[in-house]
2 protein chains.
Amino acid sequence: MTSPASAAPAPSVEERVLDAAKVCIERWGMAKITIDDIANEAGVSRATLYRLFPGGKDVLFEAFRVRELEDFFTRLASHLDHIDDLEDLLVRVVVSATEELRSDQHLAGMLASEPGEALTSLTVDGLPRIIRIATVFLIPLVGEYVPRREASRLVEFLARMVISFFLAPSDHVDLGDAESARSFIATFVLPAFQPSLASS
Amino acid sequence: MTSPASAAPAPSVEERVLDAAKVCIERWGMAKITIDDIANEAGVSRATLYRLFPGGKDVLFEAFRVRELEDFFTRLASHLDHIDDLEDLLVRVVVSATEELRSDQHLAGMLASEPGEALTSLTVDGLPRIIRIATVFLIPLVGEYVPRREASRLVEFLARMVISFFLAPSDHVDLGDAESARSFIATFVLPAFQPSLASS
DNA sequence: TGACGGTGAGACGAAATGCGTCTTAGTGTC
DNA sequence: GACACTAAGACGCATTTCGTCTCACCGTCA
């Protein structure tokens, strides 16, 4: 099993539990999961699970969502190398993020079978967390072009727009399309965050 | 909604409930379903559900499985027209049944996420029911070639073989392949049920 | 109109399930 | 041998689910 020669770096117990949570969620949906399901799937006792995530299901689910988001932005950031222009960077961010959202089978399944839960985690409950983690991941990149304070507002704005257009596509804007996204960003984003360049 | 001009013949309450059960099973799996889930999905009160299926979940699930099987054999029988030879008929039966089993997404999902439940319904618990319904559907066809008593044994044998080879494929026999199935039937089936033709 | 069957809503107690904490015993490490 | 970590599972409590029941409502038909 945990062969020392294996390429994988022997996942920690915490990671095993979060992986198990993912399996359970895909199998049964968030609404139907119990602590025991996750503990059994992870091959871990319930006591261990409470030790790792004091607070039970709420804390565990929060950790799960954070990890999912970190994975999301890690994949996203991997598409953002070697870009030396703010507009190009923002276009790539919204296009890649939109593409990834659209191709996320897990998310699609959640939206289909548990729309309430899924929408909540993308809006009222989840959006602050999304913005927080997006900020952590994207500030280092965006910060090269705009002041840190502005960068925060910019990342938040992008996150809101990507999610909004993902959940309710527009007839006029397609953030999954580079052309359309560039036009959108040039019109609605850059003027607000680079006023000195608005007339260029 | 229930437009009178609609082609569909206004599904009965019972059918609506069984449809709802199917939706719930696909969404959550059999292990996690509650009576309320099905009642809500069907837009029916719990009282009505108990009125229709006295005995609750067990009775409802039994009815559900029976309907699924009847659908299965109805589709199967639709592939069996205009065959006037016993061997051809048996080949078509096992090939079509195997193909249908292999392409059944619902069944595949069940086998993946709830192997215990799925296997039980194909073997220890479910096989008698499968054989019973297979007999009802196939006896009229097979009965043209062999006596009724023999026909029952033949249908049962075929059902057992199709399920066995579906669950655990063989290196030597592929009942989804017409050539292979014909060879299998000529070797193992016909000699036992048409001994007079065995040497032909 | 009034009787009647079918239904939704929901109350009810009983049973089952899930939760969170705790204790115990086992295992590997230092 | 002390120690940290864990699986297993018992415990009491809260919640959910079950199965039955009553009642009000609605459409149909006499």
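Could you please let me know if B:Leu107 is without any contact (Cβ under 8 Å) to a residue 40 or more places away in the chain and surrounded by 18 or more Cβ atoms within 10 Å (Cβ to Cβ)? Walk me through how you get there before you give the answer.
Details: without any contact (Cβ under 8 Å) to a residue 40 or more places away in the chain: yes; surrounded by 18 or more Cβ atoms within 10 Å (Cβ to Cβ): yes.
Yes, satisfied.
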- Query: Just a yes or no: is a residue in the stretch A:64-86 within 16 Å of DNA strand C (Cβ to nearest atom) and away from every other protein chain (no Cβ under 14 Å)?
  - Reply: yes
- Message: Whether any residue in the stretch B:33-55 is within 11 Å of DNA strand D (Cβ to nearest atom), in contact (Cβ under 8 Å) with a residue 24 or more places away in the chain and under 24 Å from B:Asp104 (Cβ atoms) is what I want to check.
- Response: yes
- If you scan the stretch A:36-47, which residues turn out to be near DNA strand C (Cβ under 9 Å from one of its atoms) and in a helix (DSSP H, G or I)? A:Asp36, A:Asp37, A:Ile38, A:Ala39, A:Arg46, A:Ala47
- Item | Subset of the stretch B:10-35 [within 13 Å of DNA strand C (Cβ to nearest atom) and among the small types (Gly, Ala, Ser)] | B:Ala10, B:Ser12, B:Ala20, B:Gly29, B:Ala31
- Item | From the options A:Gly29, A:Gly55, residue that is surrounded by 19 or more Cβ atoms within 10 Å (Cβ to Cβ), among the small types (Gly, Ala, Ser) and at pLDDT below 90 | A:Gly29
- Note: among A:Ala168, A:Ala181, just one is of a type outside the set (Val, Ile, Thr) and buried (at least 17 other Cβ atoms within 10 Å of the Cβ), namely A:Ala181
- Query: Restricting attention to the stretch B:99-107, does a residue exist that is under 20 Å from B:Asp174 (Cα atoms), more than 20 Å from the chain's Cα centre (by Cα) and either within 14 Å of chain A (Cβ to nearest Cβ) or away from DNA strand C (no atom under 16 Å from the Cβ) (or both)?
  - Reply: no
- What do you reckon, is B:Arg51 more than 15 Å from DNA strand C (Cβ to nearest atom) and either of a type outside the set (A, V, I, L, M) or not in a helix (DSSP H, G or I) (or both)? no
- Item | Residue check for A:Glu117: touching a residue at least 60 places away in the same chain (Cβ under 8 Å), of a type in the set (Asp, Glu) and more than 14 Å from chain B (Cβ to nearest Cβ) | no
- Query: Can you name every residue in the stretch B:12-32 that is within 13 Å of chain A (Cβ to nearest Cβ) and over 22 Å from A:Ala108 (Cβ atoms)?
  - Reply: B:Met30, B:Ala31
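The values are calculated or read from the model by the stated rules, or taken from the named source; none is laboratory data. As the structure is a computational prediction, the values presented were derived from the model and not from experiment. When we count neighbours, we look across all protein chains shown, and the Cβ atoms used for this are built from the backbone with ideal geometry, even at glycine.
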